[in-house]
Amino acid sequence: MNPAEIFSIQYYHGYILQLFAAELLFLPILKHRNYFYLRLVIAFLIYGFLSIIFTNLIIKVATGLSSITIFLISLGMCAFIYKNKFKDILFCCVGAQLLQNLSHNIEMLIYLPLKEYFSSVGWFFLSFGVMIIIYALAYFTIITKMKQSEEINIPSGGAFGIAVVSALFCYFIQFALQVYHLDVYWVSALPLLLCDVLALIVAFGLLSYRNKQEENMELERFISQSNKNYEFVKSNIDLLNLKAHDLKHFISDTRAKTSMDDEGLKELQKTIEDYEAMAKTGNKTLDYVLTDKGYNCQKLNIPFTFSVDGLCLSFMKSSDLVSLFGNLLSNAIEAEGKLANKDQAYILLKVAEKGKMVSLHIENYYPEKVIFKDGLPQTSKEDSRYHGFGVKSIHYIVKKYHGTMFIQQENNVYEVNILFPKQEEKVLPKK
């Protein structure tokens, strides 16, 4: 083979660019190494150069091995530019290969029956158009969901195994079709197309399911931790009320015995009575939560008004009640505490039964613009992964009880509205 043949560019080298474009789809979800874009340019040039040379050499020996050769070179390129674990990079590269294969097989399904009507230019635009459509669909259905995870972490089995086995199966079938010259028939694209679709659905579906399960487990741990804090708060409130009760009676006895009508003692007695007063909603768990948050509001001079029918929330677990109302009120208190003009601060909470629904409304004054994504406010704190759990846990609990939540900011008022379908308490049969 002369040098001209080794370095010549053939039509099948289009796979080099198609695979590279598919792998670029995963760029937003993989961790970049230092000098990423410089590495990317260098890696692409080496990838393209080696792919052309090796495929020109291999095709003279064994037809059908070009694709897997290019894939392996591209895998090395990705390992050079990304710093994720190798199995995570491999999973994304396999996903890219499946997408490219899907695009190619759809292209062949259209082109082969009608090839007499296509010029070389027409075939190019068909290939390019199909690729753009498939890659765009993949980006909005697969990549955007993967971007929601803070870090990609592919398990060794399950989704990873299905993706790799499916890719190897596609390469094997494609190799067999090329060896026996069956790839010139349009029906040969059907089994590969089906395999690509099923592999993508199963592999990325399992990955999405696993990520969701992990997030739910973390949220349950977050809710459990909130409940532990609640037990501590509950014991403190009980102890505080006991001491306040004793101190109130001591002051009353002192005033009666000494016939003193000191204004200081009156003020102290009133303060103690304020702290002794428990919220009374008809739901003990909610009473403690509202009482604790009420103390916090008093310390920060934030007017806190509530009208809550706790009985209509009896279908909820105590731990969920603690997390839901604890996070809603903590967020509101934190927002009001940041206000420059404390006279504008207020928190209003309403819970009531409306027909067959339970309505929860909480609002507070907040003049700063809130950024929303997918209907949820985005935290402004640096550690977004941790602090975002407050809002995520609220949303998780709402969904857990088949409710709906709507958050908005209008006229400098931040509102959270939640609707739960009313659930009848289960009555155990008498023995």
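Listed values, structure above:
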| read-out | value |
| --- | --- |
| Filtered residues of region 274-327 (kept if part of a loop (DSSP other than H, G, I, E, B), hydrophobic (A, V, I, L, M, F, W, C) and farther than 29 Å from residue 355 by Cα) | 277, 300, 302 |
| Qualifying residue in region 29-43 (condition: touching a residue at least 12 places away in the same chain (Cβ under 8 Å), touching a His at 6+ places or on another chain (Cβ under 7 Å) and not acidic (Asp, Glu)) | no |
| Matching residues, region 335-375, being aromatic (Phe, Trp, Tyr) and either at positive phi or at pLDDT 90 or above (or both) | 346, 365, 366 |
| Odd one out for residue 335 among (1) in contact (Cβ under 8 Å) with a residue 12 or more places away in the chain; (2) not in a helix (DSSP H, G or I) | (2) |
| Flag if residue 19 is at pLDDT 90 or above and part of a helix (DSSP H, G or I) | yes |
| Yes/no for residue 89 being in the same structural domain as residue 106 (by TED's automatic domain parsing), out of contact with any strand residue (DSSP E or B) (no Cβ under 8 Å at 6 or more places or on another chain) and β-branched (Val, Ile, Thr) | no |
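This table checks each residue for (1) under 30 Å from residue 36 (Cα atoms); (2) at pLDDT 90 or above; (3) aromatic (Phe, Trp, Tyr).
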{"residue": "67", "(1), (2), (3)": "yes, no, no"}
{"residue": "77", "(1), (2), (3)": "yes, yes, no"}
{"residue": "80", "(1), (2), (3)": "yes, yes, yes"}
{"residue": "87", "(1), (2), (3)": "yes, no, no"}
{"residue": "91", "(1), (2), (3)": "yes, no, yes"}
{"residue": "99", "(1), (2), (3)": "yes, yes, no"}
{"residue": "105", "(1), (2), (3)": "no, no, no"}
{"residue": "125", "(1), (2), (3)": "no, yes, yes"}
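The values are calculated or read from the model by the stated rules, or taken from the named source; none is laboratory data. None of these values were measured; they are calculated from a predicted model. Methodologically, a virtual Cβ is constructed for each residue, glycine included, from the backbone with ideal geometry; neighbour enumeration extends over all protein chains shown.
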